[in-house]
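Trainee: This structure is in structure tokens; I'll ask about it shortly.
The values are calculated or read from the model by the stated rules, or taken from the named source; none is laboratory data. In this text the structure is predicted, and so the values were computed from the model without any measurement. We place every Cβ from the backbone using ideal geometry, glycine too, and count neighbours over all the protein chains shown. Surface accessibility is based on the protein's heavy atoms, side chains included, excluding ligands, DNA and RNA. Shrake-Rupley method; radii C 1.70, N 1.55, O 1.52, S 1.80 Å.
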Amino acid sequence: MATNISASASSTTNLLNQRLLSFPPSRFYKNILTKPYQQQCLLITSSNKKNRAAMVVNSSRKLINLDQHYLDDDKPKEECGVVGIYGDPEASRLCYLALHALQHRGQEGAGMVTVENKVVKSITGIGLVSDVFNELKLDQLPGDMAIGHVRYSTAAGSSSMLKNVQPFVTKSKFGSFGVAHNGNFVNYQLLRAELEGKGSIFSTTSDTEVVLHLIAKSKARIFALRVLEACEKLQGAYSMVFVTEDDKLVAVRDPFGFRPLVMGRRKNGAIVFASETCALDLVEATYEREVHPGEMVLVDDTSNEPQSMYLLKPHPPEPKSCIFEHIYFAQPNSIVFGKSVYESRHAFGEILATESPVEGCDVVIAVPDSGVVAALGYAAKTGVPYQQGLIRSHYVGRTFIEPSQKIRDFGVKFKLSPVRAVLEGKKVVVVDDSIVRGTTSSKIVRMLKEAGAKEVHMRIASPPIIASCYYGIDTPCTEELISNRMNVEEIRKFIGADSLAFLPTDSFRKLLGSDHTNFCYACFSGKYPLYPSVDMEEAIDDTRKLTVSAI
């Protein structure tokens, strides 16, 4: 890339400097008094409920397909992961590796965009990262900057599914650019309706496409300012990375900081953005810091260092990062929101052991893989040995053939196998990260007892989930959440456990200390930092119900 700073580049820098803030966003938020942010939300109504449902099918909504229904029918789904690479001649290959590291965040589609000599190239496809890319395709993505995306599908088998795979690329009067987005806009319907009313034509059902139209319609000549203008109209969760044909990479995070986004640097000076630090580790980039809530970071050839700007509006009172990243979504070897995921989960298990011990238990096991670290914490605190009582199959493909003769709990057995030598005649404590519908938990308890466990005591390393998420997590509609319908004792009877305990919310917040106010607990409390419109809430729930009934 060119290193000379032209007059126009200097002008760009001066204009951007007008948007700089000299203090960190956390302190900035605490010193601003505003009305509750949710009061700033705009609502949209429609007499056609079907249209509302259709409009909210977006990049963050996964309609469960048959395969995934069997394999992951009782867990929340993280919707996607993003990567950005700037200043490395092997950008596409590094992006490929980073997307591999983020594969757990999305397994239905993947894509990548690169830039070389003002030419923006894109490859997207359905399937795992290794399904979409090979050596030949990576050779078709030259350049020293790239962005990438992994995602869950919006409609299995849908002809429009490929259209919704990111990154998206578009061409405006100021040139071509691409974007990859993790999150969900709660005012998507309003923005889309307004844009369509002004003549915009949408080609996908993704909320991310709104960003393309907002940027394309901006009159600002500088790309970073067009992104800032667009973000100031967005409400909801977004961690996004952009590339432009004139060799700029932009990373931006919403003012609440719902979804994670980190920045690192390789030894050759290349800048790397990713949803989690595990992606930085794989490409040998040193973790430097988070992209702060409400921050936009610009990397181009006008400066040796990334330039940092903050959204001037709106101003939420404090960040509200998704606590479920530490409970379930992120990899244990990642640092998310400035904290080690491994240490958090280990501590959750220790709290469960202290507050909900099982007298005379013989062995502690985990529901792999997300319950393992919490189970280790539980075992370490109690002194009871941890053993592998359940083995997870790592060879389950994207499709499988179910036997014609009905086998009870086939889906769970296909994924998890009990170890009779560990379980037989034992009083077992089994640790899992969460209970959503309760269907998988009941099958696991039954399977453990059939394998010879004398007693099964379930310990859950999170509080009960009572409310849906609208910030980029695919959860069932509220009435499907078992903790919304039943108390702990009723759930215990439903799943067949000899005892059941959840992580207490008060202990949970005590562990986080003074940082506890910086996290979103809406799924545990039903109190949303940013409320969706009533229409959007109804439409999302309708879509979820239609999806489940279609299976």
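Trainee: Pairs 320/454; 163/219; 320/426: which are spaced more than 31 Å apart, C-alpha to C-alpha? It would help to have the intermediate numbers written out before the result.
Mentor: Values: 320/454 43 Å; 163/219 27 Å; 320/426 42 Å.
Check vs 31 Å cut-off fails for 320/454; 320/426.
Trainee: Please give the Cα centre distance for the stretch 87-142 versus the stretch 189-259, rounded to the nearest Å.
Mentor: 22
Trainee: What residues qualify as long-range amide H neighbours of residue 336, i.e. H under 5 Å apart, gap of 5 or more or another chain, H built at 1.01 Å from N?
Mentor: For residue 336, whose amide H was placed from the backbone, the distant partners under 5 Å are 341.
Trainee: Search the structure for amide H atoms under 5 Å from the amide H of residue 430, placed 1.01 Å from N in the peptide plane, and list their residues when 5 or more places away or on another chain.
Mentor: Close amide H contacts, sequence-distant or interchain: 365, 457, 458, 459.
Trainee: Related question: Mind checking the full-extension length gain between residue 221 and residue 516? Use 0.36 nm per residue of separation minus the Cα-Cα distance, one decimal, nm.
Mentor: Extra length from residue 221 to residue 516 when fully extended: 102.1 nm.
Trainee: Can you sort 265, 509, 253, 420 by solvent-accessible area, 1.4 Å probe, largest first?
Mentor: Ranked list, largest accessible area first: 420, 509, 265, 253.
Trainee: So which of 198/233; 381/415; 248/339 end up more than 23 Å apart by C-alpha?
Mentor: 381/415; 248/339
Trainee: Mind checking the dipole of the stretch 131-277: about its Cα centre, +1 per Lys or Arg Cβ, -1 per Asp or Glu Cβ, Debye to the nearest 20?
Mentor: Around 320 debye, computed over the stretch 131-277.
Trainee: What ranking, highest mean first, results for peptides 375-382, 121-128, 106-113, 495-502 when packing means the other Cβ atoms within 10 Å averaged over each residue?
Mentor: Values: 375-382: 22.9, 121-128: 17.5, 106-113: 26.8, 495-502: 19.4.
Taking the mean over residues of other Cβ atoms within 10 Å, the ranking is 106-113, 375-382, 495-502, 121-128.
Trainee: What's the extension gain from residue 499 to residue 484 if we count 0.36 nm per residue and subtract their Cα-Cα distance? Walk me through the numbers before you get to the answer.
Mentor: Values: separation 15, 0.36 × 15 = 5.40 nm, distance 1.90 nm.
Gain on stretching residue 499 to residue 484: 3.5 nm.
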